[in-house]
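Everything on this sheet refers to the single structure shown next.
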Amino acid sequence: MLSPNIIKTLSFTASRDWWYRIRFSIAGLQSVSSDLGDGTTMHCWIPKVHQQTKPNLILVHGFGANAMWQYCDILDQFIPKYNVYVPDLLFFGRSYTTLNERTETFQAKCLMKLMNIHGVHKLSFVGISYGGFVCYSMAVQFPEAVEKAVFCCTGVCLEEKDLQEGLFKVRDLEEAGKILMPQTPDMLRELMKLSFVKPPKAVPDWILTDFINIMCKKYVKEKRELIEEILKNRQLSTLPKISHRTMIIWGEQDQIFPIELGYRLQRHVGSNAQLVVIKNAGHAVNLEKSREFVKHLKVFLIDPPPKPLAKDPTTIEWWN
């Protein structure tokens, strides 16, 4: 049996990251970094064999460790039906740029360029949180390339004034940056508290510090600038509408992007939008209620369209 001191010298975070890489490879994906030019490189897990008869599905992560950590457990559900691509957005994982661009508009252009490099010109996507901001921009800029859209806890309909009017738990951008890019165990615990209805308990400081050292130390300044950009001069009245068939998934008790933003997005997209509200789940609904999350994704992306359950025949709302 290993002693506590020996265990502490091991990196659970690095080991888990390594295990995710193995699982991605076993699932039929390979790790590829592509030079987009102008000092920009994007990493993506792509199919080892692209099958022309399958549609394409892009899984786009939010703030967090990297794409693998957010999507590893659902790969097997979609690879039989789709060519699945799992990119790292700029300043996450192995993706970066030397340019000063920080907008989701630029992220979306780079993501679309990356997909074109891999021969993908038509796609559906799942965007979690910040990843949904990027995906929404991609749907606006390249509407002909997008088939189906899924947004999970994506506060794309927020307005700059919402921060001052108290819609969010955080008081200002500085506090948001400290929580979303935690540099201390206490800040990481606060992030878990805001992300989960039932956050993990009694996690020792050394495990949290190990995670921070491996996953949260790179590109801290750049990631804070990404957060600043999604709030800067943001108004719902200027947000373009999309016309794609859309599913919106939200944790009922989301404390990072409150459920009000989910209803706003449903109203903004209109008759093409279906809203799924999952009870007893927070912002990390894809991790906290993974079975329900996958069930609704499969209903929307793979299964025939369900019959409406709500009085309004243009929208669907599930409660779990």
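Please treat every number below as a calculation from the coordinates, not as lab data. As the structure is a prediction and not an experimental result, all values here were calculated from the model. Please note: Cβ atoms are built from the backbone with ideal geometry, for glycine as well, and neighbour counts cover all protein chains shown.
Given a cut-off of 19 Å, name the pairs among 109/295; 148/295; 169/201; 113/241 whose C-alpha atoms lie farther apart than that in the structure shown.
Working: 109/295 30 Å; 148/295 16 Å; 169/201 21 Å; 113/241 22 Å.
Correct reply: 109/295; 169/201; 113/241.
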Study note, to complete from the structure: Once the in-chain neighbours fewer than 8 apart are removed, the lysines whose Cα is under 21 Å from residue 221 read 178, 232
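Sum -39500 (n - 2.57) across every DSSP H segment of at least 4 residues in the chain, then divide by the residue count to get the 222 nm mean residue ellipticity, nearest 500.
Values: 14 runs with 130 residues, N = 320.
After summing the helix terms and dividing by the residues of the chain, the value is -11500 deg cm²/dmol.
Shape of the range 2-110 from its Cα gyration tensor (a ≥ b ≥ c, root eigenvalues): rounded if a/c is under 1.5, otherwise prolate when a/b > b/c, or oblate?
Numbers: a/c = 2.36, a/b = 1.22, b/c = 1.92.
The shape class here is oblate.
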Check your understanding: Which Cα, out of 64, 31, 99, lies furthest along the positive dipole direction of the chain (beta carbon charges, K/R +1, D/E -1)?
Key -> 31
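Any idea what the dipole of the range 4-301 comes to, in debye rounded to 20, about its Cα centre with Lys/Arg Cβ at +1 and Asp/Glu Cβ at -1?
Numbers: 37 positive and 30 negative charges, 167 e Å.
The dipole of the range 4-301 has a size of about 800 debye.
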Review point. Over the range 56-135, what is the relative contact order in whole percent, taking alpha-carbon pairs under 8 Å and six or more residues apart?
Key: 46
**Study point:** Surface/4 estimate of mean projected area, convex hull on alpha-carbon atoms of the chain, nm²
**Key:** 16.8
